[in-house]
Amino acid sequence: MTDKELLEAAKKAMKNAYAPYSGFKVGAALLCSDGTVFYGCNIENSSYGASNCAERTAIFKAVSEGYTDFEAIAIVSSGGGETFPCGICRQVMCEFSPDIKVILEDKNGVPKKYDFNEILPNYFSLKK
């Protein structure tokens, strides 16, 4: 799957976002090493701590189905431009795949790919 195709899959996932409080919709598409793709969207809650990001939704769906080896994750938002994952999502990503590629889209629709170490250098892990 190309970076562009993965970004398009994330856009489709974003359509399911539940963001009545912020109005900020996010979609993610997670590519597993075997080519399987899991989709996620952000899900807000009036008790903000009960909300979940699109990236973690996709990762948790994958893990719950027995997948833990991830190659890339594409992330898009209704805000347009590059939408980087939050700190909690970055920590969850490195738990399973510290070599994951993060694919974002700039404001002109051009895919931008980051090595995980670029977005979370010196991450915490008990596996190191």
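Selection of first residues in the stretch 48-70 that are more than 16 Å from Thr36 (Cβ to Cβ) and of second residues that are in a helix (DSSP H, G or I) and aliphatic (A, V, I, L, M), restricted to Cβ pairs under 8 Å at least 6 apart or on distinct chains, gives the following pairs, ordered by first then second residue: Cys53/Ile88; Ala54/Ala10; Ala54/Ala13; Ala54/Met14; Glu55/Val92; Glu55/Met93; Arg56/Ile88; Arg56/Val92.
Name every residue in the stretch 32-53 that is surrounded by fewer than 12 Cβ atoms within 10 Å (Cβ to Cβ) and of a type in the set (S, T, N, Q), in order of residue number. Result: Ser46, Ser47. Evaluating Val92 against the criteria (1) surrounded by 13 or more Cβ atoms within 10 Å (Cβ to Cβ); (2) more than 14 Å from the chain's Cα centre (by Cα); (3) among the aliphatic types (A, V, I, L, M) leaves one unmet condition, (2).
Per-residue answers, yes or no, for (1) within 14 Å of the chain's Cα centre (by Cα); (2) assigned to a helix (DSSP H, G or I):
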position: Lys61; (1), (2): yes, yes
position: Ile75; (1), (2): yes, no
position: Pro98; (1), (2): yes, no
position: Asn117; (1), (2): no, yes
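Being modelled with pLDDT of 95 or more, surrounded by 14 or more Cβ atoms within 10 Å (Cβ to Cβ), over 17 Å from Asp115 (Cα atoms) and not acidic (Asp, Glu) is a property that Arg56 has.
The values are calculated or read from the model by the stated rules, or taken from the named source; none is laboratory data. Since the model is a prediction, treat every value here as computed from it, not as a measurement. Heads up, the Cβs are rebuilt from the backbone with ideal geometry, glycines too, and the neighbour counts pull from every protein chain shown.
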